[in-house]
Structure formats: structure tokens, C-alpha cells
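Visitor: Attaching a single structure in C-alpha cells format; questions to follow.
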Amino acid sequence: MDIDYAIRKDEPPAFTDTSTIAAIALYERWEQSNRLSMMFIKTRISAGIRGSVDQHEKVRDLLKAIDEQFVTSNKALASTLIMKFSSLRLTGVRGVREHIMQMRDNMAQLNKLEVEMSESFMVHYILNTLPHQYGPFKISYNTHKDKWSINELMTMCVQEEGRLMIEQGESAMLATHRKDKTQANKKGKFKIPPQGGIKKDSRCFFYKKKGHVKKECAKFQKWFADKGFAKLKEVSGK
């Protein structure tokens, strides 16, 4: 729709009775773009500053007035970005791509403010913001002869992230297995011992009376002797 035409192009001379058709069409194009841009911006700006910018009729003047409401010092902005940049740390294994992209965005903003940082410095700095799980990866880079760009670093870090995620999953499964095994061993240790030492009520299966067992029964021993067998105690001794 070419709505921003009035922002990109200077205002053409107002047409007169002697203006050509092309000149009139050019001015009308600019004027339509100006009106649409003004309407769009005024519907989007905060109500708190709308009163101070309503008097403008040209979109460039309106944008300039809005900019003046938010004038900031480049030095203060650079200090804020540096503080934010220095506090960025990756706290876990996940999200290394987003972490590096955020740091690279801060680097680009600082470069615009003439706070320049080399790509080699950025690679080393980003590595230092990674958690201890990436320790072997850092050692591998430091012992590597070739230097990486930030894009290459991000690619390698994403691959390392995947490897660490798999490793953590295997470690979690192993820890769960050990925990289950430990719990099973504990349950085995606290089993109720067999109650072999606890005597039930004695009962003689020969005499059908309680109070003694069969081998101590006098009637059974007499019956055993009457049958011509050896004494019960002698048989038990053999």
C-alpha cells in the first residue's frame, strides 16, 4: 500500500493551476500517505503523550516530536546494555541457541553505540557463560587449533546440548533403577522372620488330646512296644 511514502520522500511542491498531471498525482500520493501515516501513528501512541504531539500535521514532524519525548544518552544506554550483557548466564543445559542469539543481539546494539567487541572475544566470552556441564566442550575448543565464528560456535553448542540431554536421560534412568533396587533391598531386610521359635498348642495325633506330642504320648509308646518294635527313644537315636 506504500503507506510510508511520506516518511521516505520529501514533500513535493503543492500543485497550482499550471501544474502538470504528473505533479498533481505525485503530490496527491504524498498527501494521502501523510494522512494515513498520521492516523496510524496517533492510534498507536500512548495517551499520555498524545496531547503534546497532536498539533503536528506532517508525519515527519510528528515522528520527530515523539522522538524528543524519549531522548536518551548513548552513554547511559551503553552502560545499561553492558550491565545486561555481563549478567547473561545460561543456568541449565537447555536453551543454548537462544542464549547465544541474545548475547549476539546485545553485541550488535553495543556496536551501534561504538562499543565494539571482536568476534573472537565474543566466542570466548560466550563459552565462559555456559554452565559446568559444558566443561569438556570448553576444553575441546581451547585445545582446538582453528577458531570458530559465532555461528559455528552456536552450531557446535546445539550439538553438544543434544548430547548432554541424552546423557542426562540415561543418568536419570540409571538413578531410578538404583533407587528401585535399593528400596527392594530395604524391604527384604525388614521382612518378618519366620516364627519357627513360636510353639503352637501341642496336640497328640495318636491320642487326639492336647498337651503333648505323639512321641511323648505314653499310650503311643505302649502300643509301639506291644507291637514288638524297639523303644521309641532308641529308634530316634539311630
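Visitor: How many of the residues in the stretch 86-143 are among the small types (G, A, S), under 23 Å from R163 (Cα atoms) and not in a helix (DSSP H, G or I)? Give the derivation first.
Guide: Of all residues in the stretch 86-143, those among the small types (G, A, S) come to 86-87, 92, 95, 108, 118, 120, 135, 140.
Those still in the list that are under 23 Å from R163 (Cα atoms) too: 92, 95, 135, 140.
Checking which are not in a helix (DSSP H, G or I) leaves us with 92, 95.
Qualifying residue count for the region: 2.
Visitor: Please go through (1) more than 17 Å from the chain's Cα centre (by Cα); (2) of a type in the set (A, V, I, L, M); (3) closer than 30 Å to S46 by Cβ; (4) surrounded by 11 or more Cβ atoms within 10 Å (Cβ to Cβ) for M83 and return the number of the only condition it doesn't satisfy.
Guide: Here M83 meets the rest and fails (4).
Visitor: Still on this structure, I have one more. Step by step: first the residues of the stretch 58-73, then only those that are closer than 15 Å to F40 by Cβ and part of a helix (DSSP H, G or I), then the one that is modelled with the lowest pLDDT. Which residue is that? Before the answer, list the steps.
Guide: Step one: filter the stretch 58-73 for residues closer than 15 Å to F40 by Cβ, giving 58-60, 62-63, 66.
Filter once more, keeping what is part of a helix (DSSP H, G or I): 59-60, 62-63, 66.
Numbers: V59: 91, R60: 91, L62: 87, L63: 88, I66: 81.
The qualifying residue modelled with the lowest pLDDT is I66.
Visitor: Hey, can you tell me all the residues within the stretch 131-156 that are among the aliphatic types (A, V, I, L, M) and in contact (Cβ under 8 Å) with a residue 12 or more places away in the chain? If you could, list the steps in order and put the result at the bottom.
Guide: If we filter the stretch 131-156 for residues that are among the aliphatic types (A, V, I, L, M), which is where we start, we get 139, 150, 153-154, 156.
Those that are among the aliphatic types (A, V, I, L, M) and in contact (Cβ under 8 Å) with a residue 12 or more places away in the chain: I150, L153, M154, M156.
The values are calculated or read from the model by the stated rules, or taken from the named source; none is laboratory data. Only a predicted model underlies this, so the values are computations on that prediction, with no experimental measurement involved. Here Cβ is always computed from backbone atoms with ideal geometry, including for glycine, and neighbour counts include all displayed protein chains.
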